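The values are calculated or read from the model by the stated rules, or taken from the named source; none is laboratory data. Everything numeric in this text was worked out from a predicted model, so none of it was measured. When we count neighbours, we look across all protein chains shown, and the Cβ atoms used for this are built from the backbone with ideal geometry, even at glycine. Just the protein is used for accessible areas: all its heavy atoms, side chains included, with ligands, DNA and RNA removed. Shrake-Rupley method; radii C 1.70, N 1.55, O 1.52, S 1.80 Å.
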Amino acid sequence: SATRGFGGSLGLLTLCVKTAMSCPVINPELLLAPSEEGYVVYHPRLDRIYRLNPVGALIAELCDGKRTPDLIHDLLDPVLPPESRVEIGRWIEQGLEAGLLTSAADASASGSPLSAQELIALAEKLRDQGKVLPAFICQLRATELDGENPSTWLKLGEFAHIVGRRDDSLLAYE
């Protein structure tokens, strides 16, 4: 077996042996931003936006490289209808195929994520191309990485205002 569980029948702590796709994880190249509908995800290398509904966002959160798809099913069973079990498996498979998810082993072998300065430069470039939502997501991540820099917050406020996220804009300007 590719996993070993601890914590009773729920297997609350699952250790994954690094085998292909045994424990999915969010692709470390992706940038995630919470939204009212779940998550907005930007893939900088592919210049692609994905939108995750609340259930998709929850599944993505549970794909932390420590849980098998079966354990994710077990954790979601109490909160989702019984017929959702097949849909959860399909979502994970499609996430792997689309590059939203990867295996824990592949995630640790991937290159380093973009730095705050690289993200700021990319955000400016995207804004100049009229791609304001990906620009906002890049700036949000840059601010998470470089939260001590006031100019990073100022740019975040500007991008949040442009994409209509007024509450985020106000917080950034404070």
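A few points about this structure:
- Applying both filters, DSSP loop and at most 11 other Cβ atoms within 10 Å, to the GluC sites (Glu not before Pro) of segment 51-89 gives Glu83.
- Which of Thr68, Leu58, Ala33, positive extreme of dipole for the chain (C-beta unit charges): Thr68
- Per residue, in Å², the accessible surface of the chain once ligands and nucleic acids are set aside, probe 1.4 Å: 56 Å²
- Counting heavy atoms of the protein chains alone, Val86 has an accessible area of about 90 Å² for a 1.4 Å probe.
- As a length-normalised measure over Cα pairs under 8 Å and 6 or more apart, the relative contact order of the chain settles at 19 percent.
- Stretchable slack from Glu83 to Ile162, in nm (0.36 nm times residue separation minus alpha-carbon distance): 24.4 nm
- Each 5 Å bin from zero holds the following percent of Cα-Cα pairs in segment 56-102: 5, 23, 37, 25, 9, 1.
- Student exercise, the chain dipole from Lys, Arg, Asp, Glu Cβ charges, in Debye to nearest 20: 300 debye
- Convex hull of the chain built on C-alpha atoms - directionally averaged projected area, nm²: 11.3 nm²
- Think of the chain as a dipole: +1 on every Lys or Arg Cβ, -1 on every Asp or Glu Cβ, centred on the Cα centre; then among Pro150, Val79, Ala123, Ala123 lies furthest on the positive end.
- Carbon and sulfur %, accessible surface of the chain computed with the full protein complex present, 1.4 Å: 56 percent
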